[in-house]
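Worksheet: one structure, shown below.
The values are calculated or read from the model by the stated rules, or taken from the named source; none is laboratory data. Not measured: the values here are computed from a predicted model. When we count neighbours, we look across all protein chains shown, and the Cβ atoms used for this are built from the backbone with ideal geometry, even at glycine. Just the protein is used for accessible areas: all its heavy atoms, side chains included, with ligands, DNA and RNA removed. Shrake-Rupley method; radii C 1.70, N 1.55, O 1.52, S 1.80 Å.
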Amino acid sequence: MLKVTNIKKHYGKTEVLKGIDLEVNKGDVVAILGPSGSGKTTLLRCISFLSHANEGHISFAGIDGEMRRMSRKQIHELRMHMGFVFQSFNLFRNKTAIENVMEGLVIPRHVPKDEARAIASRMLEKVGLSDRTDFYPDELSGGQQQRVAIARALALSPEVILFDEPTSALDPELTTEVLAVMRDLAKEGTTMVVVTHEMEFAKEVADRVIFMENGVVVEDSPSSLFFTNPKEERSAAFVKKILQK
């Protein structure tokens, strides 16, 4: 469904991604793990064209080609089939929860406002926020804001949702409520690629684990095997360390 090959990204002389391959099938939940600075977030940003890869090939939503040669029209078309959930929520502070969810429908997709409001209302109900539709971000907890962000992504009916550390800005209680929503989405068959430090989520919910370090994929394994019998020495050291915490 989504396939990227040989993604490379550098900033000046600093290589952040050194030739990443990733394939995601419909209904997959893929957890991307690794130490800070391994290139996890950059990978998601390149896949979604929030950052531009120096090299790489993408096949997704009927578009197949070199990433650096994609036209604006092609990038727009690819993004129409992707959702992105940021670690810092990225909500409009001057818009209510329902207006934030409506925005992506009304502006780029030209959905009539009444229809967009109905869709947004359903998505907010889906993430447990039907009683917060008219609240502004500053009136919501961090967990509630992140659930609004998830509703915003879901409203676009994307083929895949990319999550970049969706709980890193939250305390443990709020983390639990966001992960509960993501667990429900996984049960429904939502295709997700999740950069996370939440090991229990990766262990219990993800179908596959991609372990990255220093801009390369060290291991790509079913999650059950990654946590019980990792193939690579570096992966084994990582698992041993996190299980000791």
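Computed quantities for the displayed model
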item	result
Candidate aspartates and glutamates for bridging to Lys26, where Cα separation is under 18 Å - those fewer than 8 sequence places away on the same chain excluded	Asp64, Glu159, Asp184, Glu188, Asp207, Asp220
Accessible area in the full protein assembly, largest first, 1.4 Å probe, for Lys73, Lys241	Lys73, Lys241
Dipole-positive endmost among Ala236, Phe201, Ser157 within region 157-245 (Cβ charges, Cα centre)	Ala236
Förster-model FRET efficiency, 30 Å R0, His197 and Ile75, C-beta, rounded to 0.05	0.55
Whole-Hz ³J(HN,Hα) from phi, Karplus 6.51 cos²θ - 1.76 cosθ + 1.60, for region 227-232, glycine and proline x	8, 10, 8, x, 7, 9
Spin-label zone in region 57-78 - amide nitrogen under 15 Å from a point set 7 Å from the Cα of His110 along the C-beta vector	77
C-alpha long axis of helix 233-243 to longest principal axis of the chain, angle in °	50 degrees
Förster radius 25 Å - calculated FRET efficiency between Glu23 and Asn54 (Cβ-Cβ, nearest 0.05)	0.75
Accessible surface of the chain, 1.4 Å probe, proportion on carbon and sulfur as whole %	47 percent
Debye, to nearest 20: dipole size of region 1-62, +1 on Lys, Arg Cβ, -1 on Asp, Glu Cβ	160 debye
Gap separating the Cα centres of region 171-187 and region 86-123, nearest whole Å	21 Å
Reachable aspartates and glutamates, given that their alpha-carbon falls under 15 Å from the alpha-carbon of Lys95 and they are not under 8 places away in the same chain	Glu103, Asp134, Asp138, Glu139
HN-Hα J in Hz across region 5-13 - Karplus 6.51, -1.76, 1.60, θ = phi - 60°, x for Gly and Pro	9, 6, 6, 10, 8, 9, 10, x, 8
Per-residue HN-Hα couplings for region 101-110 [Karplus 6.51, -1.76, 1.60; θ = phi - 60°; Hz; x = Gly/Pro]	6, 5, 3, x, 7, 6, 7, x, 9, 6
Sites Ser157 and Ala237, calculated FRET efficiency, Cβ-Cβ separation with R0 41 Å, nearest 0.05	0.50
Candidate lysines - alpha carbon under 28 Å from Lys240, same-chain residues fewer than 8 apart omitted	Lys18, Lys40, Lys203, Lys231
Net charge of Cβ neighbours under 12 Å - reference Gly27; Lys, Arg +1; Asp, Glu -1	-1
The chain: C-alpha pair distances exceeding 33 Å, %	18 percent
